[in-house]
Amino acid sequence: MGFLSAVAVITHREVLRYMRDRIRIATSFFQPIMFLLIFGGGLRNVMASRDFPVDYMQFIFPGIIALNVMGVAIFSSLSTVWDREFGFLKEILAAPVPRSAIALGKASGAAIIASAQAFLLLLLAPLVGIRFGFVQVLELSVFMVLLAFAVSGLGLVIASRMKSMESFGIVMQVLVFPMFYLSGSFFPLTDVPLWMTVVSRIDPLTYGVDAFRSILLGDDMSPAIAGAMIAHPLYINALCLLGISCVLLAAAVRGFRRY
Amino acid sequence: MNVIEVDSLTKTFGEITAVAGISFSVNQGEIFGFLGPNGAGKSTTISMLSTLLAPTSGRASVAGFDVATQRDAVRKNIGLVFQDPSLDDRLTAEENLRFHARLYQVPRDEYRRRMEEVLHLVDLWDRKDGLIRTFSGGMKRRLEIARGLIHYPKVLFLDEPTLGLDPQTRAHLWEYVLRLKQERGMTIFMTTHYMNEAEYCDRIAVIDRGKIVALDTPANLKASLGGDVIRMQSQTPDALKAELESRYGKDVKMEDGSVYFEVDNGGAFLPALLKDLETSVDGVELRKPTLEDVFLRITGHAIRSEDSSGKEWARSLMRAGRGRRG
């Protein structure tokens, strides 16, 4: 009882804070839409003339959703460092609350915010010719939550060891952007150098992008095309994301336990 | 019964010892003050007693629970008002209180009543729906006190509670604190480097460079200085000091170009002194000893002295602490 209500309080606070920050809501749509318009718009015809079997805008759309989930989740979890600098983290750490509830509450907050925002972005799907039904929405939400948990786990591991927001830029450059580029958002990972295959396997985003792509585009693909575009069945993606989330969240709890 | 028991509590940050084996105990319902300059180890001690920092060695218990091994039990029984604000500035005053109450498991049906009570106590009832980012420093501090009280802690820790507050707010705040002690029998542990604030405490531990150098009631501490303090200003303070020492055998201290010494009966001593002195004097002040004098006497330097090595020491300590404490 105490544990769950503590998780609920911290989650609630994350969501409330997010809703109060209109600028953050507006700007977090900017990057995904920019990627969609610039890369999608710029490469669509080139790819079509080179026999790329899927409309390129449609191809990168799942990656854009994943990018949005990751962006929101990493920002929410790294904002813990902000809390530390501005003191509020002390209030939470001084409270009679298990450290695991703090990490889990932060991650749940990020998952709710990230999924809500990703659903808003999903409204753009018909514009690039992607149609989906109720079952897809359910499947998508499961993977959005899983992906958000995995990414916030990573963010919290970093946040529990990061002393100031100054390192934020470095984390974005050396971790977050490579994670995005290696996730299979822009090109299929079925025909890439071995090192890239290896690295992409430990990138949680890979499994999110693969799942989103299979849910949104899989039904319209012939088996041959799907074989080249989609790496894993959904359940494998789900298990991998779940595994990564558990490992990272456990590490995050350890990080907070030092206080 | 002792609400706080501290035995040889020590905290080191690498090479630097922030708290050097202090021992003391605090009674139920007492206002206990830690008086000392910045960097003396006051905040480090509060952090250890409130479970935010693990002691390097020694033991401490709060409300009967060990601060190292029974952290959650300690946390439930204490309220904390930090030196730096720790409110969520994007939430309203009421939301900050509500989240706190839920983290401390205040029953929901109790919450409404207590929230009203503590907000009235700190005069913020009519601002309960205001966002924290629109609050002044004084309002934030008052709200933090309200928040620290809403779960009815046995011990309230106040770390420099009036730092940066205007005199009026400061006076108000002391009214609340004294009322809490009287009406609730709450134990209050506070740190300060303001001498006049320390006067409100039932007992004071004077702390300097990580050690407790004196511990008594404010009245006893002042009485230990003997009668009165005479302060004199002169163009030639060194000559004045030398003359006072050789003629009267006084223990004379210098501070900011003035000289200080203690006498048993200042009123009778002063006329004779002024008649006999050869060094010229610009100004004379006769007063009862303050805690500032006590501090100067015990430690040999003033609590906010600019040039003492204590300040350098405090700085290096703060640097070390910032790097490691996290």
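Summary of values
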{"quantity": "Chain A: DSSP helices with Cα axial extent of at least 24 Å and average Kyte-Doolittle hydropathy no lower than 1.0", "calculated": "A:99-122, A:134-159, A:234-257"}
{"quantity": "Interchain or long-range residues, amide H under 5 Å from residue B:208's placed H", "calculated": "B:213"}
{"quantity": "Portion, in percent, of the accessible area of region B:93-179 that falls on carbon or sulfur, probe 1.4 Å", "calculated": "48"}
{"quantity": "Label-point separation, residue B:105 to residue B:179 (7 Å along Cα→Cβ), nm", "calculated": "3.0"}
{"quantity": "FRET efficiency for residue A:138 and residue B:23, using Cβ-Cβ distance with R0 set to 60 Å, rounded to 0.05", "calculated": "0.45"}
{"quantity": "Hull volume in cubic angstrom per residue (convex hull over the Cα atoms of region A:186-226)", "calculated": "73"}
{"quantity": "Accessible surface, the protein assembly as shown, averaged per residue in Å² (probe 1.4 Å)", "calculated": "43"}
{"quantity": "Buried solvent-accessible surface, both chains (A, B), 1.4 Å probe, Å² to nearest 100", "calculated": "2500"}
{"quantity": "Entries of B:42/B:128; B:42/B:241; A:90/B:128; B:211/B:241; A:106/B:181 with Cα pairs more than 25 Å apart", "calculated": "B:42/B:128; B:42/B:241; B:211/B:241; A:106/B:181"}
{"quantity": "Antiparallel %, DSSP beta bridges [both residues in chain B], to 5", "calculated": "65"}
{"quantity": "Distance between modelled label sites at residue B:275 and residue B:255, nm, 7 Å Cα→Cβ extension", "calculated": "3.0"}
{"quantity": "Relative contact order of chain A, defined on C-alpha pairs under 8 angstrom at six or more residues apart (%)", "calculated": "26"}
{"quantity": "Extension gain (nm, one decimal) between residue A:165 and residue A:22, 0.36 nm per residue minus Cα-Cα", "calculated": "49.4 nm"}
{"quantity": "Alpha-carbon centroids, region B:93-125 and region A:205-259: separation in whole Å", "calculated": "42"}
{"quantity": "Rounded FRET efficiency, nearest 0.05, which uses the C-beta distance separating residue A:250 from residue A:45 and R0 of 41 Å", "calculated": "0.30"}
{"quantity": "Cα-based Rg of chain A normalised by 2.2 N^0.38 Å, two decimals", "calculated": "1.02"}
{"quantity": "Bridge type composition, the protein assembly as shown - antiparallel percent by DSSP, nearest 5", "calculated": "65"}
{"quantity": "Helix-only [θ]222 nm of chain B, DSSP H runs n ≥ 4, -39500 (n - 2.57) each, per residue, nearest 500", "calculated": "-12000 deg cm²/dmol"}
{"quantity": "Inter-chain Cβ neighbour average for residues B:100-107, partner chain, 10 Å", "calculated": "5"}
{"quantity": "Kyte-Doolittle mean at least 0.0 and Cα axial length at least 30 Å: DSSP H helices in chain B", "calculated": "none"}
{"quantity": "Shielding score for A:91-101, defined as the mean number of other chain Cβ atoms within 10 Å", "calculated": "6"}
{"quantity": "For region B:204-221, Karplus couplings with θ = phi - 60° (6.51, -1.76, 1.60), whole Hz, Gly/Pro x", "calculated": "10, 9, 8, 10, 9, 6, x, 10, 7, 9, 7, 8, 5, 6, x, 5, 5, 4"}
{"quantity": "Cβ neighbours within 10 Å from other chains - mean over B:84-97", "calculated": "4"}
{"quantity": "Built amide H within the under 5 Å cut-off of residue B:80, gap 5+", "calculated": "B:157"}
{"quantity": "Computed [θ] at 222 nm, deg cm²/dmol, chain A (DSSP H ≥ 4; -39,500 (n - 2.57); rounded to nearest 500)", "calculated": "-24000 deg cm²/dmol"}
{"quantity": "Sites residue B:215 and residue A:172 - FRET efficiency at Förster radius 51 Å, r taken between beta-carbons, to 0.05", "calculated": "0.50"}
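The values are calculated or read from the model by the stated rules, or taken from the named source; none is laboratory data. This structure is a prediction, so every number in the text was calculated from the model and none was measured. Note that we place each Cβ from the backbone using ideal geometry, even for glycine, and neighbour counts take in every protein chain shown. Only protein heavy atoms, including side chains, enter the accessible area calculation; ligands, DNA and RNA are left aside. Shrake-Rupley method; radii C 1.70, N 1.55, O 1.52, S 1.80 Å.
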